[in-house]
Amino acid sequence: MNQTVFHAEGVTKTFPGVTALEDVRLTLSKGSIHALLGENGAGKSTLIKVITGVHRPDSGHLTLNGSAFEPSGPRDAIGHGIGVVHQERNLIPRFSIGENIFLEGLSAHPLKRIDYKKLFSDAREWLDLLGVDADPSMPVDRLSVAKIQLVEIAKALSLNSRILLLDEPTASLTPHETDTLFAILRRLRDDGVSLMFVSHKLEEVQEICDQVTVLRDGRNACESRTLEGLDRQAIVRLMIGRSEQIPDWSARDRSTGDAALQLKDVSTSLGHKQIDLTVHKGEIVGLYGLVGAGRSELAKAIMGKFAMTGGSVLVKGKQVDIRSVADAVGRYRIGYVSEDRKSEGLVLMHSVLENVGMPIWRRLAGFAHLLTNRTVRRHTEPFIRKLEVRTPSLEQHVGNLSGGNQQKVSVAKWLAAEVEILIVDEPSVGIDIKTKAYLHELIRELSDNGTALLLITSDMPEMITLADHIVVMNDYRVMGEIDNTRDYDTMSERIMALIQGEETVAAGV
Amino acid sequence: MSRRIWENDWFGPLLVVVVAVAIVGALNPSFLSPFNIQILLLAISVNAMIAFSQMIIIAIGQMNLSVGAIGGLAAIAFGGMMEVWGIPWPIAAFLALALGLVAGLANGVLVAFTGISAFVITLATLSAYKGVNLGITEAQPFYEIPATVKALGNETFLHPLPWLIIPCVVVALLLWYLLNRLPLGRSILAVGGNEHAAELSGISVRGIVITAHAVSGLLAALAGIMLVGRLQLGQPTIGDDWLILSFAAPVIGGAILSGGHVSVAGTFLGVAIVAIFTQVLVLFNIDPFLVQVVLGVLILWAVGINRFREVRAQRHAEQVAT
């Protein structure tokens, strides 16, 4: 039963400026479901990419069924029986279920007539095995997400996969569909398949997994241990435990200033309910929660990207109706530093100057909407200098800068826009520790100068370093709030207790 | 494949064709005269080849701006070889087809190995192929076209069916078989539908891109050769006005420009619709420049319908999921 199928030893992978994985170990046993856990940026996806042959590790080695395994690419890994069901769909939308399952076999004989009857009856067998009730000739773009996922699993199994990696398979499933999926996963496990399960939903992990590996900051927080005797709180502690020194800053109470941003009993089209939140001038309010708690979504709703369906928003004490992001930036001076700077925060192929100037073009444009580079430069350069963005020139493409400098550019952008309220989402993802410390000082300085900051981070030390007041969210609701005493151990215990609170509430319903 | 009849790509265009023929035939009976039908079928035969040549590239989610240039080059090569070198027409036709194949291959190889978008590559080769065409002809047509070729390009084998409809029907059937029954054709659609997934399923994306461009070049050349017979001239300007039609017909026939889905029958009917509308404007003495406007409206209409269907399908899928 406890036979090792796959083993990774001492895996290290660095990207320019960041160490994504450092000395990571992982063991998959035959017939088990293994949970891979960790917060955003902990290195989960890098590890998956190493196992599936997308990335080659800088050092360390992998063994598969007792022999060395060095996949030359994703195809090679698939050929060795490692199947993956990604979050993004990997099927041909207009093709039938049957054809998608057996797409692999198609390219062998390009001019041999396809025997659809046989193809569909073969597909039927796989669908029956997984208990999927669907016509194999149905195009996959007519299927529900849950069934598409099962078709992907069928496809992987048809390729003789003995190891199956599932990246957040339940993210878009209903509870009922999740139950069905779990029943299938258990059956596969009993048939001797090794499954690796990535999820942010800890209840699910506890329900279905036998073993667990937790990553934190690219290292093992625990390695391939059994889930027995590990309760939810212990898992959370492993995921967010202390990993660095908290700078010795004094606790501040900024809640006496004027309220800059207030949410009163707000609900949104995304499912937030009864959100109450106040950020005062010069205050840093932290929004803590596990991934999927609805924090970034709330930020985007405040920015006018998603609709509010109830409650009221007050900016500087006045009730407002923010209808678009342009509204939020231009009229109410709210800025948002996205967690995903590469696709949402910056235009990588444009210059530093253009990126920083973007939010103020409209304001700076003068007569006949003419705008000179000189004007933009005059209004942005001080901020770029202040943040010490390391770039050969302002004409440099942002895509060529390091992660930390890119992050500085995305902050500089909002400083130049002279926002009064700034929402910062996961500011230190993908940047090194030194830049991170600098960024922290910068955020603190901003608040000292009167900017109201709403900080979203999954990084507990960062939260306790920066926030004056912490609001804890879970499942699109506010679970409670506490003033930050900057004592790491008591604070992290209290925050965890607040997240746990959801369980007692749920039990009561 | 339990889909209802009106959900097929060809259903809408077919309905338009039937209704248009019925209305126009009732208003002006000469529209249904054998001679007029012959003219209509001649136009459809050549234009269908042009549309198929683009359709195969749309299937992989790319564009081929050089279909007209390849067709023109093949046309003047066909005419020139017969006039200048006195080569018998079947051999000249074969060599001109080979030229089209090579031109298409060149497109495919450049796209597959440089990673530059097909739009840019074929924009460049459009200019290059057209330049070669003008260099050879000095913008003068080849007039010495054998009588057989002229006859094949205009006459009927079974009144009112013109000879040219034969290659058109054969190519349509072959393409349908390729895209629906052969792994090669399914791979073409798979690459257009989700390139990443196709690659992970062992399909050689490069090989498929090159193949599709080669087929496109071959079909464009065939259209050029057919047009030489039809016009009884090796005109250097052949192909100059193909581009809009080549996109319009597949799109009217339900093709998705991002790739992964085309319909041979739909494309054929798309060509028929354009031909009928063009004829009608002539028949009723309406300014022929209006054809361009009508074509534009048709494209928007077709894209609009496709979009509507897509949105509805998504909503349906969401309802199933929740």
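Throughout, read-outs are computed from the coordinates displayed, never taken from laboratory work. If you're wondering where the values come from, they're calculated on a predicted model, not measured in any experiment. Using ideal geometry, Cβ is built from the backbone for each residue, glycine included, and neighbour counts are taken over all protein chains shown.
General remarks:
- Sparsely packed loop sites in region A:52-146 (the trypsin sites (Lys or Arg not before Pro) outside DSSP H, G, I, E and B with at most 10 other Cβ atoms within 10 Å) comprise A:ARG113.
- Selection from B:ILE145, B:PHE78, A:SER393 lying farthest towards where the dipole of the protein assembly as shown points positive, charges on Cβ: B:ILE145
- Three-way shape call for region A:4-240 based on the alpha-carbon gyration tensor, with the a/c threshold at 1.5: prolate
- The mean number of Cβ atoms from other chains found within 10 Å of a Cβ in peptide B:175-183 is 3, as a whole number.
- For the protein assembly as shown, share of DSSP beta bridges that run antiparallel, in % to the nearest 5: 55 percent
- Label point at B:VAL303 placed 7 Å out along Cα→Cβ; residues across region B:248-292 whose backbone nitrogen lies under 15 Å: B:248-259
- For A:ALA8, neighbours were defined as the other residues whose beta-carbon sits under 14 Å from its Cβ, and their charges (Lys and Arg +1, Asp and Glu -1) total 0.
- Calculated FRET efficiency for the pair B:ILE87/B:PHE157, C-beta based, R₀ 25 Å, to 0.05: 0.50
- DSSP bridge orientation in region A:86-233 - percent antiparallel, rounded to nearest 5: 55 percent
- Cα gyration tensor, the protein assembly as shown - rounded (a/c under 1.5), prolate or oblate: prolate
- For chain A, hydrophobic long helices are taken as DSSP H runs at least 18 Å long by C-alpha position along their axis with mean Kyte-Doolittle hydropathy of -0.5 or more; these are A:145-158, A:403-416, A:433-448, A:488-508.
- Loop sites in region B:213-322: trypsin sites (Lys or Arg not before Pro), DSSP, at most 11 other Cβ within 10 Å: none
- Cα lying deepest toward the dipole's positive end in the protein assembly as shown, options A:LEU165, A:ALA467, B:SER127, charges on Cβ: B:SER127
- Rg and Dmax, both from the Cα atoms of region A:188-241 and both in Å, are 11.5, 36.
- The trypsin sites (Lys or Arg not before Pro) of region A:195-289 that meet both conditions, a loop assignment by DSSP and at most 16 other Cβ atoms within 10 Å of the site Cβ, are A:LYS201, A:ARG242, A:LYS273.
- J(HN,Hα) series, region B:285-292, from Karplus relation 6.51 cos²θ - 1.76 cosθ + 1.60, nearest Hz, glycine and proline x: 6, 8, 3, x, 5, 5, 3, 4
- Counting Lys and Arg as +1 and Asp and Glu as -1 over every other residue whose Cβ lies under 13 Å from the Cβ of B:PRO183, the net charge comes to +1.
- Dipole check for region A:4-240: with +1 at the C-beta of Lys and Arg, -1 at the C-beta of Asp and Glu, and the Cα centre as origin, the magnitude is about 460 Debye.
- The protein assembly as shown, dipole about Cα centre (Lys/Arg Cβ +1, Asp/Glu Cβ -1), debye to the nearest 20: 1560 debye
- The Cβ shell under 13 Å around A:ASP265 holds other residues with a net charge of +2, Lys and Arg each +1, Asp and Glu each -1.
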